Amino acid sequence: MTTESFDAVLLSGHKQDAVELPFDPATRWNSRPVALWPGRRGHRVAGSLNGVAFESSTVSRSKRHYVLVEESVRDLARVAVGDPVHMVLRPADPT
């Protein structure tokens, strides 16, 4: 599976900040979403935000796809909601 690199903007989320993906992870990585928590499916991912390594998950809402960004990652990357960011993502290794 390929690593994807793209520029985006950090968005404020309902429960967590996020970055909108410019692709559908299921199509791009030819993989099915997995159960993340009750009522939510997505893809587990690893990568970096402005060079800060992290692991997270993608979620879908209204036919758009987002990667969730924890506060600790945002703080280490020294970015705030509304800032441009550079993302590198790949599917996380299965555990």
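The values are calculated or read from the model by the stated rules, or taken from the named source; none is laboratory data. Everything numeric here is computed off the predicted structure, so don't read it as measured data. Quick reminder, even Gly has a Cβ in these numbers, built from the backbone with ideal geometry, and neighbours come from all protein chains shown. Protein only, heavy atoms only, side chains kept; ligands, DNA and RNA dropped before computing areas. Shrake-Rupley method; radii C 1.70, N 1.55, O 1.52, S 1.80 Å.
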Between Pro22, Pro38, Val73, whose Cα lies farthest towards the positive end of the dipole of the chain when Lys and Arg beta carbons carry +1 and Asp and Glu beta carbons carry -1, centred on the Cα centre? Pro38
Round to a whole number: what % of the accessible area of the chain belongs to carbon and sulfur, probe 1.4 Å? 49 percent
What are the chymotrypsin sites (Phe, Trp or Tyr not before Pro) within the range 14-95 that DSSP puts in a loop, where the Cβ has at most 16 other Cβ atoms within 10 Å? Phe23
Computed magnitude of the charge dipole of the chain (debye, nearest 20; Cβ of K, R +1, Cβ of D, E -1): 460 debye
Where the range 13-77 is the region considered: accessible area per residue in Å², 1.4 Å probe: 62 Å²
Around Leu11, with a cut-off of 15 angstrom between Cβ atoms, what is the net charge of the other residues, counting Lys and Arg +1 and Asp and Glu -1? -2
Return the sequence-ordered ³J(HN,Hα) values of the range 37-44 in whole Hz as given by the Karplus equation 6.51 cos²θ - 1.76 cosθ + 1.60 applied to θ = phi - 60°, using x for Gly and Pro. 7, x, x, 9, 10, x, 10, 7
Let me have the relative contact order for the range 17-92, percent, based on Cα pairs under 8 Å that are six or more residues apart. 35 percent
